[in-house]
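Some notes on the structure that comes next.
Each value in this text was obtained by applying a stated rule to the coordinates, not by laboratory testing. Quick caveat, the model's predicted, so the values are computed rather than measured. Cβ placement follows ideal geometry from the backbone for every residue including glycine, while neighbour counts extend to all protein chains displayed.
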Amino acid sequence: MNLIVAVDKNWGIGKGNKLLVSIPSDMKFFRETTSGKVVVMGRKTLESFPNGLPLKNRTNIVLTKRADYQVKDAIVLHSVEEVLEELKKYESDDIYIIGGESVYRQFLPYCSTAHVTKINHAYEADAYFPDLDAMGEWEITADSEEQTYFDLEYVFLKYERVVRG
Ligand SMILES: NC(=O)c1ccc[n+]([C@@H]2O[C@H](COP(=O)([O-])OP(=O)(O)OC[C@H]3O[C@@H](n4cnc5c(N)ncnc54)[C@H](OP(=O)(O)O)[C@@H]3O)[C@@H](O)[C@H]2O)c1
């Protein structure tokens, strides 16, 4: 299982249920990486999308505790266990956890690959991703050249869970 996230210097990912910044080439990377795949998200992340609509060309799975919550063109599930059961239908490599904070934290233990866009700037944030560099069980296995968007610098990093023994 994969996850994909854009983080700032402090592993901040959002503020006020919005992204910290929107970088066109990062959006393109997200779109290209997840197209045709299964994306798993929390109800708040779904509602942060334009018009609160699921992502096109992807199988959308949305988590909520609300029993009566329905979304056209999305599978709505109510617990981590229910999601893991549903995900058995798909190839693990085709599954992407796409946030937000609560969903990343709950599914990180099931992920073996993390696609992290690391932005070299400290924003004010109220949502964070766990610091993979401090966790020991993750290592960077691929990185891009430094990218720029106006005066912002960022890199595309691939982290993989360290296999010991
Ligand atoms: N930088 C990035 O790459 C990135 C990506 C995605 C999101 N974000 C940011 O992350 C922030 C949102 O994160 P968040 O943690 O507040 O919200 P979230 O994870 O998107 O959604 C939280 C909601 O998901 C549902 N949920 C979560 N775990 C559940 C479980 N085990 N069982 C049932 N329902 C569950 C609950 O919905 P109910 O309240 O309906 O029960 C919960 O309130 C925003 O700022 C967003 O922009 C950033």
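Over all distinct Cα pairs, what is the inverse of the mean 1/r for the range 31-110, reported as the Kirkwood hydrodynamic radius in Å?
Values: mean 1/r = 0.0791 Å⁻¹.
So the Kirkwood estimate lands at 12.6 Å.
Compute the acute angle (0 to 90°) between the alpha-carbon long axis of helix 24-34 and the principal axis of greatest extent of the alpha-carbon atoms of the chain; round to the nearest 10°.
Between the helix axis and the principal axis of the chain, the angle is about 50 degrees.
Of all DSSP beta bridges located in the range 1-86, what percent are antiparallel, nearest 5?
Numbers: 2 of 10 bridges.
Taking every DSSP beta bridge with both residues in the range 1-86, the antiparallel ones total about 20 percent.
Amide H of residue 128 versus every other amide H placed in the peptide plane: which residues, excluding those fewer than 5 positions away on the same chain, fall under 5 Å?
Long-range HN contacts for residue 128: 13.
Show me the ranking of peptides 104-112, 128-136 by mean Cβ neighbours inside 10 Å, starting with the highest. Present the calculation step by step, with values, prior to reporting the outcome.
Numbers: 104-112: 17.0, 128-136: 14.4.
Averaged packing, sorted descending, gives the order 104-112, 128-136.
Calculate, for residue 22 and residue 164, the FRET efficiency according to 1/(1 + (r/R0)^6) with r their C-beta to C-beta distance and R0 30 Å; round to the nearest 0.05. Before the final figure, lay out the partial values.
Numbers: r = 38 Å, r/R0 = 1.25.
Given R0 = 30 Å and the Cβ-Cβ separation, E is 0.20.
Select from 136, 115, 76 the residue farthest towards the positive end of the dipole of the range 7-165; place +1 on Cβ of Lys and Arg, -1 on Cβ of Asp and Glu, and compute about the Cα centre.
Comparing the listed Cα positions along the dipole, 76 ranks first.
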